[in-house]
Amino acid sequence: MSQRIVIDPITRIEGHLRIEADIQNGKVSDVYSAGTMVRLLEEILRGRDPRDAWAYVGRVCGVCTSTHSLASVRTVEDALDIVVPPNAEIVRNLMFATLYMHDHVVHFYHLHALDWVDVVNALKADPKKTSELAQSISNWPKSSTGYFSDLQKRIGKFVESGQLGIFTNGYWGHSAYKLPPEVNLIGLAHYLEALEWQKEIVKVQTIFGGKNPHPNYLVGGMACAIGLDDVSAINAERLAYIKQLLDDGKRFIEQVYIPDLLAVASFYKDWGAIGGGLGNYLVYGDLPTNGFRDPSSFKFPAGAILNKDLSKVHEVNMREDSEIQEFINKSWYSYEGGDNVGLHPWKGETKLNYTGPKPPYEHLNTEEKYSFLKTPRWKGHAMEVGPLARVLVGYAKGIPEFKEVVDSALKHLDVPATALFSTLGRTAARGLEAQLVANWAQEFYDQLIQNIKLGDTRMANTEKFQPETWPAQAKGVGHAEAPRGALGHWIVIEDQKIANYQLVVPTTWNASPRDPQGQMSAYEAALMDTPIADPERPVEILRTVHSFDPCMACAVHLYDEEGKHLSRVKVL
Ligand code: NFE
Ligand code: MG
């Protein structure tokens, strides 16, 4: 007999995600992932000035802030054949690197750690042993016995008063929690420290982009005047401040995030064989070091891996009709040509057709349409996108930096390379790429300073900024490796206006419903066969879903307006 459990909404993510899972013999036997809100941003863009698109799509999401604006300016630059100056590319890279550092740390501590770290159990820790353990895994200075015992007292008061605040909704005491109390206490300490740290690193976005979230971008370059003089908005003092923030960020990742990740992972090695799912991985590539038109210069190389076969990395062509397509057979939209066809985004349509139940409802009818997410496919394959995909493509291509961090983590944990294809692998990959990006940010910074010293302060190419210079029709595609994975924007420009604009977003790849062949997308595939110890407290489902770091705002390009849903787990 199977039980269906419903988790809606899944918390500690951005937006509204619903999982319905059947549990049989203590394992997930069938599963459906649904995005439950919509706002149709693609329709809002029609008829607008392509130079403004970045400002609209930037508002898709404040979590992967700047990602959509970056993809958008690249898309319009592709359509209009604009090459941006090297400094603009570097500033974009620095903002993007900062986003990664921020996003991945926040994900690890604030959105994912509590699936593994039992806050209440941390009260049982011995502060002295905790201090010794902390000092044995890292040089991070905040590690004294007094520090941990003070923290424990503070949290103890919360627990005694029954008011756990931000820690209220955990499955504390669940048998799936395996960490010793001392590791739980370290995790808890760094949860709180990371909250403080994260508000610092985002200042890099604010300095270059004027504000955060949603910093300013510009078609043709960036809008910040730069120089080592006193008058430029980005001057020697600001640049020194950026350097300090990048250094502090790198230190936090190296001395806090990575040691914690490895310490926690070492108690959950069984998760190196759970939650793998598709085994197909897609990366568009990013962080250009010789202009965006030279993909061989990307720090994150592009490519696709099929069936976990790391001996072959396939090429990806985002312009090809037959490569990237979006389906809506299970999504609440309709296509003019029928609901079973796939459309390349240049021909994409976003026409709402809600045929689902009226809330409140018990279950979705998954025989019919059941999500506001469309279903993207690459050459017909369901693909996973995100940190694991990026790390695997870099690793499979034999790039030394990737090999080094991956092999060293595998060795440290004493697990085989096959453990990468898992929930644990996904969570580890995010940390490993954060480490890489923190190093690359130093290189980008040094290049920027070097350029300025050589007298190059160009930040924008305005040659084609005026619409009179544009052809009557143009098409463009742009991409970014958003923290959650491959992000593509496609534009069709007619008579200087946007005729069509389509976003195919990382979480859409991962969280989408089944395609016309009945193939599951990444979340559904990864959740199959997950062991569930207690269906009323399905922390195991949260572990795998959170390992992808869902963002439903991005996925359906939606907004939560009233959205006061109660967190609930239904067991039927
Ligand atoms: Ni709203 Fe986003 C990222 C994009 S998500 S977070 O990263 O693009 O799928
Ligand atoms: Mg879309």
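The values are calculated or read from the model by the stated rules, or taken from the named source; none is laboratory data. As the structure is a computational prediction, the values presented were derived from the model and not from experiment. Note that each Cβ is placed from the backbone with ideal geometry, even for glycine, and that neighbours are counted across all protein chains shown.
Only one residue in Gly62, Gly47, Gly146 is in a loop (DSSP other than H, G, I, E, B) and modelled with pLDDT of 95 or more, so which one is that?
Gly47
Here are the criteria: (1) in a helix (DSSP H, G or I); (2) of a type outside the set (D, E, K, R); (3) closer than 24 Å to Thr508 by Cβ. Tell me which single one Asn87 does not satisfy.
Every listed condition holds for Asn87 apart from (3).
Determine which single condition Arg59 fails, assuming it passes every other condition in (1) of a type in the set (D, E, K, R); (2) closer than 21 Å to Ala225 by Cβ; (3) within 13 Å of ligand 1 (Cβ to nearest atom).
For Arg59, the exception is condition (2).
For the subset of region 483-514 comprising residues that are in a loop (DSSP other than H, G, I, E, B) and surrounded by fewer than 24 Cβ atoms within 10 Å (Cβ to Cβ), which member is nearest to ligand 1 (Cβ to nearest atom)?
Among those that are in a loop (DSSP other than H, G, I, E, B) and surrounded by fewer than 24 Cβ atoms within 10 Å (Cβ to Cβ), it is Arg514.
On the basis of being crowded, with 19+ Cβ neighbours inside 10 Å and not hydrophobic (A, V, I, L, M, F, W, C), does Arg458 make the cut?
So Arg458 fails the test.
Return yes or no: is Thr423 more than 30 Å from Glu42 (Cα to Cα), of a type outside the set (Phe, Trp, Tyr) and in contact with a Gly (Cβ under 7 Å, 6 or more places away or on another chain)?
So Thr423 fits the description; yes.
I need the full set of residues from region 348-365 which are of a type outside the set (Gly, Ala, Ser) and buried (at least 17 other Cβ atoms within 10 Å of the Cβ), in order please.
Glu349, Thr350, Leu364
Of the residues Tyr109, Tyr32, Tyr100, Tyr56, which single one is under 24 Å from Thr11 (Cα atoms) and surrounded by fewer than 24 Cβ atoms within 10 Å (Cβ to Cβ)?
Tyr32
On the given criteria, is Lys203 closer than 30 Å to Lys308 by Cβ, surrounded by fewer than 22 Cβ atoms within 10 Å (Cβ to Cβ) and at pLDDT 95 or above?
No: the conditions fail for Lys203.
Taking region 11-22, which residues are more than 14 Å from ligand 1 (Cβ to nearest atom) and surrounded by fewer than 23 Cβ atoms within 10 Å (Cβ to Cβ)?
Within region 11-22, Thr11, Arg18, Glu20, Asp22 meet the criteria.
Matching residues to (1) under 18 Å from the mean Cα position of the chain (by Cα); (2) within 16 Å of ligand 2 (Cβ to nearest atom); (3) modelled with pLDDT under 85; (4) aliphatic (A, V, I, L, M):
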position: Ala522; (1), (2), (3), (4): yes, no, no, yes
position: Leu542; (1), (2), (3), (4): yes, no, no, yes
position: Asp549; (1), (2), (3), (4): yes, no, no, no
position: Glu562; (1), (2), (3), (4): no, no, yes, no
position: Lys570; (1), (2), (3), (4): no, no, yes, no
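Quick one: how many residues across region 393-415 are in contact (Cβ under 8 Å) with a residue 60 or more places away in the chain and either part of a helix (DSSP H, G or I) or in contact with a Ser or Thr (Cβ under 6 Å, 6 or more places away or on another chain) (or both)?
7
Just checking, which of Thr375, Thr355 is of a type in the set (Val, Ile, Thr) and within 30 Å of Ala474 (Cα to Cα)?
Sole residue among the options that is of a type in the set (Val, Ile, Thr) and within 30 Å of Ala474 (Cα to Cα): Thr375.
Would you be able to tell me the number of residues in region 19-63 that are within 23 Å of Glu368 (Cα to Cα), touching a strand residue (DSSP E or B) at 6+ places or on another chain (Cβ under 7 Å) and more than 13 Å from ligand 2 (Cβ to nearest atom)?
13
Could you give me the residue pairs with C-beta distances under 6 Å whose first residue belongs to region 330-347 and is closer than 15 Å to Tyr370 by Cα and in contact (Cβ under 8 Å) with a residue 60 or more places away in the chain, whose second residue is of a type in the set (Phe, Trp, Tyr) and crowded, with 16+ Cβ neighbours inside 10 Å wherever it lies, and which are 6+ apart or on separate chains?
Filtered contacts from region 330-347: Lys330/Tyr370; Trp332/Phe372.
Please enumerate the residues belonging to region 289-308 that are in a loop (DSSP other than H, G, I, E, B) and farther than 15 Å from Arg390 by Cβ.
The answer is Thr289, Asn290, Gly291, Phe292, Arg293, Asp294, Leu306, Asn307, Lys308.
Report, by residue number, each residue of region 471-482 that is within 14 Å of ligand 1 (Cβ to nearest atom) and either among the hydrophobic types (A, V, I, L, M, F, W, C) or within 25 Å of Val105 (Cα to Cα) (or both).
His479, Ala480, Glu481, Ala482
So Pro376 clears everything in (1) closer than 28 Å to Arg4 by Cα; (2) surrounded by fewer than 20 Cβ atoms within 10 Å (Cβ to Cβ); (3) within 16 Å of ligand 2 (Cβ to nearest atom) except one condition, right? Which one?
(2)
Considering only region 337-355, state which residues are assigned to a loop (DSSP other than H, G, I, E, B) and either within 12 Å of ligand 2 (Cβ to nearest atom) or in contact with a helix residue (DSSP H, G or I) (Cβ under 7 Å, 6 or more places away or on another chain) (or both).
Residues satisfying the conditions are Gly348, Glu349, Thr350.
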